[in-house]
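Nothing in this text is a laboratory measurement; each read-out follows from the coordinates by a stated rule. Since the structure is predicted, the reported quantities are computational estimates derived from the model, not experimental observations.
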């Protein structure tokens, strides 16, 4: 078996090398995430914030692949969000692509091998994505009204994304334990 040749700038190999998920599974997950985000999620808000299922999917895919794949999938997912929003130009496309590339760049490092590190990683990625989004909107000469209010909401969204990621990781761990128990 040949190991993938994935090197960091320091020349060190990844601690973990994952196989990329099948494209049709990821495409189906993106469609489901977009549908849930536009239909069900507005009813699940807390202080004006709702978790971003598309962001969580972009992070998951980036962490399972590499920077280039994370960039491409993030751009595709962000373009879908921009198309559904209608007025953001390319803001979600660029911000999701950048966060996907960052997730792919850190895939397999000590930051992403531990469940303990992944929860704040998701929260910081949420803040980074919104920061890039706001910068792109400003470059497109579209200013978001009430930036302090938006910042308050994005802090709540970072918390919700981190909690959702934590619960999903706990469910996956429980499913892995139960599958082992049935063998």
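Could you tell me whether the stretch 79-167 comes out rounded, prolate or oblate from its Cα gyration tensor? Rule is a ≥ b ≥ c as square roots of the eigenvalues, rounded for a/c under 1.5, then prolate if a/b exceeds b/c, otherwise oblate. Each step should come with its number before you reach the end.
Values: a/c = 2.35, a/b = 1.60, b/c = 1.46.
Note, shape of the stretch 79-167 comes out prolate.
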Practice item. Pairs of Cα atoms under 8 Å, at least six residues apart: use those to get the relative contact order of the stretch 23-182, whole percent. Key: 23
Point to revise | Rg(Cα)/(2.2 N^0.38 Å) for the stretch 23-182, N = residue count | key: 1.03
Point to revise | Net lengthening on full extension, residue 31/residue 170 (0.36 nm per residue, minus Cα-Cα) | key: 47.7 nm
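Rounded, prolate or oblate for the stretch 47-96? Axes are the square roots of the Cα gyration tensor eigenvalues, ordered a ≥ b ≥ c, and the cut-off for rounded is a/c under 1.5. Before the final figure, lay out each step's value.
Details: a/c = 2.85, a/b = 1.35, b/c = 2.11.
Oblate shape, in that a/c is at least 1.5 and b/c is the bigger or equal ratio.
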